[in-house]
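Please read the structure below before turning to the comments.
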Amino acid sequence: MNDATDICDPIIKFDKVVKRFGDHVVLDELDFEVQRGEKVTIIGPSGSGKSTVLRILMTLEKINDGVVYVGGEPLWHQRKGESLEPAGEQHLRQMRSHLGMVFQQFNLFPHMTVLRNLTEAPVQVLGVSKAEARKRGMELLEMVGLTDQADKYPHQLSGGQQQR
Ligand SMILES: Nc1ncnc2c1ncn2[C@@H]1O[C@H](COP(=O)(O)OP(=O)(O)O)[C@@H](O)[C@H]1O
Ligand SMILES: [Mg+2]
């Protein structure tokens, strides 16, 4: 993210985050941090706010109070001098480019190869060249040990391989 981001900063930080639906306070000054490389599991009863935390992080749900930081940058706010003001659409779009989510039930295009599933969006949405997208796609497959599956179709992969 920001070049000034310290490697020791938490990658995610919730600072007294409040989320209400009407009178129903779902998150009541929630504080937590996730360090770079740390893996965190959120557990709790149904309706306790787990999905709400994730939806806030994915910028799908606004917060009522507090600040969320991603990579040291406020997610729902933008800096104005010393203070924070509510984020505009451009700031949110910029932040979204650093955020990702894998659904338990995810969607791969069944009629496209593994590699094409990776290259389609960068090419069509971001305007990346096909060659560049394929190069990056292969790098990503290498990271998750799937280079030999690049030309297979989703149904030829195990559930875990699909998720990777
Ligand atoms: N869009 C919404 N409008 C009103 N209430 C909501 C909305 N989304 C979630 N809630 C309420 O917020 C609480 C937390 O929901 P959620 O984060 O989905 O819980 P969990 O994922 O832990 O089961 C629940 O009481 C739920 O009914
Ligand atoms: Mg849930």
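For the range 128-162, a residue qualifies if it is among the polar types (S, T, N, Q) and surrounded by 14 or more Cβ atoms within 10 Å (Cβ to Cβ), and the qualifying residues are 147, 149, 161, 162. Quick one: is residue 125 surrounded by fewer than 11 Cβ atoms within 10 Å (Cβ to Cβ) and under 21 Å from the mean Cα position of the chain (by Cα)? In short, yes.
Might you let me know whether the range 67-82 holds any residue that is within 17 Å of the chain's Cα centre (by Cα) and loosely packed, with under 13 Cβ neighbours inside 10 Å? Checked the range 67-82: no residue is within 17 Å of the chain's Cα centre (by Cα) and loosely packed, with under 13 Cβ neighbours inside 10 Å. Being assigned to a loop (DSSP other than H, G, I, E, B), farther than 30 Å from residue 138 by Cα and not basic (Lys, Arg) holds for only one residue in 45, 110, and it is 45. Restricted to the range 7-42, and to residues that are surrounded by 10 or more Cβ atoms within 10 Å (Cβ to Cβ), over 15 Å from the mean Cα position of the chain (by Cα) and not in a strand (DSSP E or B), which residue is nearest to ligand 1 (Cβ to nearest atom)? Result: 42.
Could you say whether any residue in the range 76-92 is touching a Lys or Arg at 6+ places or on another chain (Cβ under 8 Å), touching a residue at least 12 places away in the same chain (Cβ under 8 Å) and not assigned by TED's automatic domain parsing to the domain that holds residue 154? Yes: the range 76-92 contains one or more residues that are touching a Lys or Arg at 6+ places or on another chain (Cβ under 8 Å), touching a residue at least 12 places away in the same chain (Cβ under 8 Å) and not assigned by TED's automatic domain parsing to the domain that holds residue 154.
The values are calculated or read from the model by the stated rules, or taken from the named source; none is laboratory data. What you see is a predicted model; the values in this text were computed from it and never measured. Heads up, the Cβs are rebuilt from the backbone with ideal geometry, glycines too, and the neighbour counts pull from every protein chain shown.
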